[in-house]
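The values are calculated or read from the model by the stated rules, or taken from the named source; none is laboratory data. Nothing here was measured: the structure is a model prediction, and the numbers come from that model. Glycine gets a Cβ as well: all are built from the backbone with ideal geometry, and neighbour counts include every protein chain shown. Each accessible area value is taken on the protein alone, full model and side chains, heavy atoms only, with ligands, DNA and RNA left out. Shrake-Rupley method; radii C 1.70, N 1.55, O 1.52, S 1.80 Å.
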Amino acid sequence: MNPQQSRRRTARQRFLDARQSKQNLTFSVVASVMAVLVIAALLVITNIISMPSEEFSKTEKTAGLGDIVCPTEGTTPLPADTIHVQVLNATSQSGLASSVTTMLAEQGFVMQDPANAASELTGTVEIDVSPKNIDAGYTVARFFPDARVVLSEGTDEVVQVILGTFFDSLLPKEDIEKIAESQSALKGSDSCLPVDPELLAPTTSQTGNDDQPGQGSQSQGQSE
C-alpha cells in the first residue's frame, strides 16, 4: 500500500467514524426522550402525578341574562304552594294563558292573573327566572316538555311561563298527574350553564325589601 492510498483510507476512516458518532448521538437522544415519556406515562397511570384538568386551561362559563340556566344539582321538585307563577301568552291565539293558569293552579302553584306578553315568542315554552328562583322554574318546567328555563334580570320570586307560537296544547291529564307525583331530581338540558354564585348573594336592596311577589315586567294587559 503506497502512502497516497494510506492517506485516502485514513480520510475515509475519519468520515466513517464521524458518521458513526452522529448516529450514536441521535440514537442516544431518541432513546432518552422515549425513556422520559415512558416514565411519565407510568407515573400518570399509577396516579403518582396527574394531568392538568380543564379547570386549569379554561374558566368555567356561567349563565348570563338570556342564557339557559341549570338547576341546582340533585335538587328535587319544590313544594308547589311555595312557587308564584304567572303565565304570559306570546301567541296570536287567545285563551292559552288562561288554560295553562288553570292547570298549574290545580297542581297547587300560587297563580297570578294570566296576561299577554309584550312581544311574540317563536318557540314552545320559555320559563323566565331570576337567579334566586331557578329551581322553582324547573319545578314548573316539568309540565312543559322542551321548555327552556332562561335567566332573566328580574329580582322577584315570580316564575314567568311564556307560551310561544309552537305551543298548542297541554299534556294529557294522566301525564300531568304522574309529573306532579314524581320526586325525581330536577334536570337541565345539555346546553344549560351554571348560575354565577355571585348572583345568588343577597344585595343590600334585597335584604331590606319586604314587598310581596309582583307582576312580571313582560306582561301587558290581561289575556283574552
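How much length is gained if the chain between residue 10 and residue 25 is pulled fully straight, taking 0.36 nm per residue apart and subtracting their Cα-Cα distance, in nm to one decimal? It would help to have the intermediate numbers written out before the result.
Working: separation 15, 0.36 × 15 = 5.40 nm, distance 2.25 nm.
Computed gain between residue 10 and residue 25 is 3.1 nm.
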On the accessible surface of segment 21-154, probed at 1.4 Å with all protein chains in place, carbon and sulfur together account for a percent value of 58
Karplus-derived 3J(HN,Hα) from phi for segment 67-78 (6.51 cos²θ - 1.76 cosθ + 1.60, θ = phi - 60°), whole Hz, x at Gly and Pro, runs 8, 6, 9, 8, x, 5, 4, x, 6, 8, x, 7
Site residue 76, offset 7 angstrom along Cα→Cβ, radius 13 Å on amide nitrogen, limited to segment 162-195, gives 181-186
At the level of C-alpha centres, the distance separating segment 82-105 and segment 149-194, in angstrom, is 12
